[in-house]
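Scroll down for the structure; my scribbles are underneath it.
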Amino acid sequence: MTRIDGSLAGVVVAQTQLALVDGEKGIALVRGYPLPDLAARCTYEEVAHLVLLGELPGPSSGSFLRGLGSLDPASSEAARTIGKILPRPEALASSMGLLDATTGGLGAQEQAAAALACVPALVAAVAGLAAPEVGWSYARRALAALGAHRTDPLATRALEVLLSLEAEHGLSASTFACRVAASSGARAGVSLGAAVATLTGHRHGGATAEARSLLLEAWSDGDAASFVERAQAQKRRLAGFGHRIYKVADPRIPPLRAAIEAMGGARLLPIALRLSEEVERRYGARGIHANIDLFGAVLLDALGVDPDQYVAAFALGLAPGWLAHWIEQGATGRLIRPDSLYEGPPPRAVPR
Ligand code: ACO
């Protein structure tokens, strides 16, 4: 009997050196290091170096780290044009392939590093904003690319923690999409485009903007307990809660919450904490807890980022992991091509 699960839940489809995510124990390791510790103690550049090159940077890593501060003016005009035609998250997905113009002729690892360096400029161009300054940290460039209202050091550090927590986290739907593209031999930029397109949906990265709406709704409602009770009675799906892998608390939340508290001024933090408690009480036994998108929404709201740009904020964080999976899948030389069970009409003749 053929066993079918179109969601691929629990199906192992790749061997990886990148991340171990144990959803029963609440553990996330990136190349062996606890992800929450990396986010709390390292810069985004250091985490990206680890994800892409295998180790935290050493004395000879200067060129990689400096390279991350570069720009890609060549693609800006085209990205701006695409940004005028399509809604922002879709425009970002469509313009990612422009990165390939910059990285042509390079080896896989150099292509990946060059593509990552260009992502903030591309995000800014799609949004019609000026390219971030060369030489700024990746997180500071990300703030500029997102049009954030807050750009002070604590705000920059808080965004850096969020980006680092997203930098690699196993086979999320977007990462798998990137691997599928990579398996066909697609170039780095267009493979990132496949990943961003997958990120836009409301079950994945699109949940962050929906989580902000939910938080605002619960805030104006005023009573978190009755809000969650009603949501449960209506069988409503709560954005920012639940996770395919984590059936216990998401270990990425404590370092992010600490960074948001250190930054201050996050108006949605109290209601996010109250909702988390209530959801824990009512859904915890079923393995449904707050996920990182809930607190991502709290942070991005506090930074004054337009909700249209929340998917871009996550793409800025996820890019090193996507690229590392692009390299890893490409190195296998195998096409991902699963099978399906046909259930349509029986064979029949064309009537003319
Ligand atoms: N709110 C209410 N109920 C939920 C939620 C939720 N957020 N998530 C799951 N459930 C319930 C479902 O209603 C279902 O109940 P049932 O068995 O009575 O029908 C049960 O839990 C299982 O639901 P599935 O969708 O099969 O669970 P899955 O593990 O596939 O869900 C998902 C993962 C898609 C993330 C889901 O939890 C969800 O839709 N969450 C809201 C969107 C969200 O926050 N996405 C971001 C995920 S994290 C990330 O992308 C970085």
| task | For the range 193-201, indicate whether the set of residues that are under 25 Å from ASP308 (Cα atoms), aliphatic (A, V, I, L, M) and touching an Asp or Glu at 6+ places or on another chain (Cβ under 8 Å) is non-empty. | result | yes
| Looking at the range 109-121, which of its residues are surrounded by 16 or more Cβ atoms within 10 Å (Cβ to Cβ) and of a type outside the set (S, T, N, Q)? | ALA112, ALA113, ALA114, ALA115, LEU116, ALA117, CYS118, VAL119, PRO120, ALA121
| query | Right, GLU24: within 16 Å of the ligand (Cβ to nearest atom), modelled with pLDDT of 95 or more and assigned to a loop (DSSP other than H, G, I, E, B) or not? | reply | yes
| query | Taking interchain pairs and intrachain pairs at least six residues apart, which have beta carbon atoms under 6 angstrom, with the first residue in the range 123-148 and of a type in the set (D, E, K, R) and the second part of a loop (DSSP other than H, G, I, E, B)? | reply | ARG141/PRO132
| remark: All-but-one check, LEU171 against (1) more than 26 Å from GLY67 (Cα to Cα); (2) within 15 Å of the ligand (Cβ to nearest atom); (3) touching a residue at least 40 places away in the same chain (Cβ under 8 Å); (4) not in a loop (DSSP other than H, G, I, E, B), failing number (4)
| query | So which of GLU55, GLU77 ends up being open to solvent by 10 Å² or more (accessible area, probe 1.4 Å), over 26 Å from THR198 (Cβ atoms) and modelled with pLDDT under 90? | reply | GLU77
| When residues of the range 185-217 are filtered for being more than 9 Å from the ligand (Cβ to nearest atom) and among the acidic types (Asp, Glu), how many remain? | 1
| Which condition number does GLU280 fail, the rest of (1) within 23 Å of GLY193 (Cα to Cα); (2) acidic (Asp, Glu); (3) out of contact with any helix residue (DSSP H, G or I) (no Cβ under 7 Å at 6 or more places or on another chain) being met? | (1)
| message | Please go through the range 12-30 and give me each residue that is closer than 22 Å to ASN291 by Cα and open to solvent by 30 Å² or more (accessible area, probe 1.4 Å), ordered by number. | response | LEU20, VAL21, ASP22, GLU24, LYS25, ILE27, LEU29
| note | With the first residue restricted to the range 288-307 and required to be within 10 Å of the ligand (Cβ to nearest atom), and the second required to be open to solvent by less than 20 Å² (accessible area, probe 1.4 Å) and part of a strand (DSSP E or B), Cβ contacts under 9 Å at 6 or more apart or on different chains are none
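Let's see how each residue does on (1) modelled with pLDDT of 95 or more; (2) touching a Ser or Thr at 6+ places or on another chain (Cβ under 6 Å):
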| residue | (1), (2) |
| --- | --- |
| SER7 | no, no |
| LEU18 | yes, no |
| PRO36 | yes, no |
| ALA39 | yes, yes |
| ALA48 | yes, no |
| SER70 | no, no |
| PRO87 | no, no |
| said: Criterion first (free of Cβ contacts under 8 Å to residues at least 60 places away in the same chain and more than 30 Å from SER276 (Cβ to Cβ)) does GLU210 satisfy it? | reply: no
| query | In the range 143-197, which residue that is of a type in the set (S, T, N, Q) and open to solvent by 10 Å² or more (accessible area, probe 1.4 Å) is nearest to ALA207 (Cα to Cα)? | reply | SER172
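The values are calculated or read from the model by the stated rules, or taken from the named source; none is laboratory data. Note that the coordinates shown come from a computational prediction; the quantities given were computed from them, not determined experimentally. Don't worry about glycine lacking a Cβ; one is built from the backbone with ideal geometry, like all the others, and counts go over all protein chains shown. Surface accessibility is based on the protein's heavy atoms, side chains included, excluding ligands, DNA and RNA. Shrake-Rupley method; radii C 1.70, N 1.55, O 1.52, S 1.80 Å.
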